[in-house]
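Each value in this text was obtained by applying a stated rule to the coordinates, not by laboratory testing. Because the structure is a prediction, the values reported are computed rather than measured. Positions of Cβ are generated from backbone atoms using ideal geometry, with glycine treated the same way; all protein chains shown enter the neighbour counts.
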Amino acid sequence: MENLLVRPYEAGDAGATWQVFHAAVRGTASRDYTPSQIAAWAPDVVDEGRWQRRRSAARTFVACQGGVVAGFSDFTDAGVLDMLFVHPDFGGRGVARALVGRVLREAAAAGHSRLLVHASLTARPAFERFGFVVDASRVAEIGGQRLANFDMSIDLVRADGVPN
Ligand SMILES: CC(C)(COP(=O)(O)OP(=O)(O)OC[C@H]1O[C@@H](n2cnc3c(N)ncnc32)[C@H](O)[C@@H]1OP(=O)(O)O)[C@@H](O)C(=O)NCCC(=O)NCCS
């Protein structure tokens, strides 16, 4: 996508990133999970302070198109890519690829040799395109709902290049 800027998360991004998360789960991920599972995963009410702390605790990156936040991703000190969400209005245009490329480069530069992700049914094909492999199927418990997902990982040392 032209003019897509990927930059570090800033404190003022809390509201926009939450909107992206909510729209991505309620819109895109709803094709793979039941309405009850979706409502538990992305409730309508957010604790913005907690959201802000969690985004700031990780190395979070934001993708912007014309000043609008289109998506975001991150990695933690524990070597986990915790979040990857793209607003449905910007879906299928390489926003996730740009974000994950940045995350993989930054994680490698920070000394990580491997990155893990708990990938949703919706995101698994994208992570596979980025070079992640499925290590195990699992069930996540969120708000009393059980959601199928996958433990996936990528070897940052042996990876022959990261996606552009
Ligand atoms: C998964 C998600 C982040 C992808 O974002 P996106 O910006 O639309 O993805 P991109 O346009 O960068 O596409 C990524 C790659 O995955 C591929 N892809 C995506 N969905 C696919 C599918 N269902 N089947 C096959 N390939 C798929 C694309 O073709 C693309 O491959 P390419 O770059 O080699 O052509 C987005 O759909 C989303 O936010 N989903 C809902 C929330 C979610 O489940 N997040 C993950 C939590 S772990």
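Please find, among Ala136, Ala126, Ala109, the residue that is farther than 24 Å from Glu10 by Cα, surrounded by fewer than 21 Cβ atoms within 10 Å (Cβ to Cβ) and over 16 Å from the mean Cα position of the chain (by Cα).
On the way: Ala126 fails: over 16 Å from the mean Cα position of the chain (by Cα); Ala109 fails: farther than 24 Å from Glu10 by Cα.
After applying the criteria, what remains is Ala136.
Go through Gly66, Gly92, Gly27 for me and flag whichever is at positive phi, in contact (Cβ under 8 Å) with a residue 40 or more places away in the chain and surrounded by fewer than 21 Cβ atoms within 10 Å (Cβ to Cβ). Walk me through it before giving the result.
Numbers: Gly92 fails: in contact (Cβ under 8 Å) with a residue 40 or more places away in the chain; Gly27 fails: at positive phi.
Going through Gly66, Gly92, Gly27 in turn, the sole match is Gly66.
Report whether or not Ala14 is crowded, with 21+ Cβ neighbours inside 10 Å, part of a helix (DSSP H, G or I) and either over 16 Å from the mean Cα position of the chain (by Cα) or not basic (Lys, Arg) (or both).
Values: crowded, with 21+ Cβ neighbours inside 10 Å: no; part of a helix (DSSP H, G or I): yes; either over 16 Å from the mean Cα position of the chain (by Cα) or not basic (Lys, Arg) (or both): yes.
Against the criterion (crowded, with 21+ Cβ neighbours inside 10 Å, part of a helix (DSSP H, G or I) and either over 16 Å from the mean Cα position of the chain (by Cα) or not basic (Lys, Arg) (or both)), Ala14 does not qualify.
Just name the residue that is nearest to the ligand (Cβ to nearest atom) out of those in the range 106-126 that are touching a Leu at 6+ places or on another chain (Cβ under 9 Å) and over 15 Å from Ala148 (Cβ atoms).
My answer is Ala126.
Just need a number here: residues in the range 45-98 that are in a loop (DSSP other than H, G, I, E, B) and either under 14 Å from the mean Cα position of the chain (by Cα) or over 17 Å from Phe132 (Cβ atoms) (or both). So that I can check it myself, show each step before the final result.
Of all residues in the range 45-98, those in a loop (DSSP other than H, G, I, E, B) come to 45-47, 58, 66-67, 76-79, 82-83, 87, 91-94.
Filter again for either under 14 Å from the mean Cα position of the chain (by Cα) or over 17 Å from Phe132 (Cβ atoms) (or both), leaving 45-47, 58, 66-67, 76-77, 79, 82-83, 87, 91-94.
Looking only at that region, the number is 16.
For residues that are assigned to a loop (DSSP other than H, G, I, E, B) and not charged (D, E, K, R), scanning just the range 24-44, find the one that is farthest from the chain's Cα centre (by Cα). Write out each step before concluding.
Step one: of the range 24-44, the residues assigned to a loop (DSSP other than H, G, I, E, B) are 32-34, 42-44.
With not charged (D, E, K, R) added as a condition, the list becomes 33-34, 42-43.
Details: Tyr33: 17, Thr34: 20, Ala42: 14, Pro43: 17 Å.
Across the range 24-44, the extreme among qualifying residues is Thr34.
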